[in-house]
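In what follows, a structure is listed as structure tokens, so that the remarks can point back to it.
The values are calculated or read from the model by the stated rules, or taken from the named source; none is laboratory data. Model, not experiment: these values are computed from the prediction. Every residue, glycine among them, receives a Cβ derived from its backbone with ideal geometry; neighbour counts consider all protein chains shown. We work out accessible area using only protein heavy atoms, side chains counted, and drop any ligands, DNA or RNA first. Shrake-Rupley method; radii C 1.70, N 1.55, O 1.52, S 1.80 Å.
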Amino acid sequence: VLQGTLEPAKVLWLRIFGNLLIIGAMFCEALFSVFSKPVIDKHPGPNTELYIMTWALGVGVGLLGIFNICLFPERLLGFAPLYTMAIEPSTQTQFITCILTFVLLGSVMTALCFTIWMRLLRRVPITTLSVSLFIQPVVGTIAGIIFFQEQLTSAFMTGAFFILIAMIISLTDH
């Protein structure tokens, strides 16, 4: 639950920061796929994907922890409340819901998706598999329209059209 209003400068900083995090995540995912493919091909055991995924999630959580400590050291020392950026749950129920949602989406679903990705990486070339990532913004926007009654814009329709055309072109054999 967002409470109060943020100054425009802080909103702009949060948007830029969020976009940089997304670009960093995309770069890391690309590196992960490129470096995981040879390991999967070299070790054909049934648990190779699970082993790689566990290490990747562990490294990711560790790096996020270090990043968080460097960016917000006052939280570690207890000088500021946990929710200083923008989100402040107003009730205990909302707090518990946030934690459970984080655990479900952040852990369970991520582990499931990584496992599926790793299984597919064994069978499908990286170039073909990575193109499927571009459909996520389209699916996310459609989910926002369905679940949150967000408005469908002409910019979305144009972007979705180009994403789908690019996927069709890149996945068809010439």
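Hey, any hits in the range 20-34 for a residue that's part of a helix (DSSP H, G or I), among the hydroxyl-bearing types (Ser, Thr, Tyr), without any contact (Cβ under 8 Å) to a residue 40 or more places away in the chain and surrounded by 11 or more Cβ atoms within 10 Å (Cβ to Cβ)?
For the range 20-34, residues part of a helix (DSSP H, G or I), among the hydroxyl-bearing types (Ser, Thr, Tyr), without any contact (Cβ under 8 Å) to a residue 40 or more places away in the chain and surrounded by 11 or more Cβ atoms within 10 Å (Cβ to Cβ): absent.
Whether any residue in the range 76-95 is at pLDDT 75 or above and in contact with a helix residue (DSSP H, G or I) (Cβ under 8 Å, 6 or more places away or on another chain) is what I want to check.
For the range 76-95, residues at pLDDT 75 or above and in contact with a helix residue (DSSP H, G or I) (Cβ under 8 Å, 6 or more places away or on another chain): absent.
Determine, yes or no, whether Leu121 is open to solvent by 50 Å² or more (accessible area, probe 1.4 Å) and closer than 21 Å to Ala25 by Cα.
For Leu121, the condition - open to solvent by 50 Å² or more (accessible area, probe 1.4 Å) and closer than 21 Å to Ala25 by Cα - is not met.
In the range 129-156, what residues are of a type in the set (Val, Ile, Thr) and open to solvent by 60 Å² or more (accessible area, probe 1.4 Å)?
Residues satisfying the conditions are Val139, Ile142, Ile146, Thr153.
Kindly establish whether Leu121 is under 14 Å from the mean Cα position of the chain (by Cα) and in a helix (DSSP H, G or I).
no
For Ile69, are the conditions met, namely being modelled with pLDDT under 80, in a helix (DSSP H, G or I) and open to solvent by 80 Å² or more (accessible area, probe 1.4 Å)?
Considered against the rule, which asks whether it is modelled with pLDDT under 80, in a helix (DSSP H, G or I) and open to solvent by 80 Å² or more (accessible area, probe 1.4 Å), Ile69 comes out as yes.
Among Gly106, Gly159, which is the only one that is open to solvent by less than 90 Å² (accessible area, probe 1.4 Å), assigned to a helix (DSSP H, G or I), modelled with pLDDT of 80 or more and not acidic (Asp, Glu)?
Exactly one residue qualifies, and that residue is Gly159.
Residue by residue through the range 33-54, note down the ones that are of a type in the set (Phe, Trp, Tyr) and at pLDDT below 80.
Tyr51 - this is the single residue of the range 33-54 that is of a type in the set (Phe, Trp, Tyr) and at pLDDT below 80.
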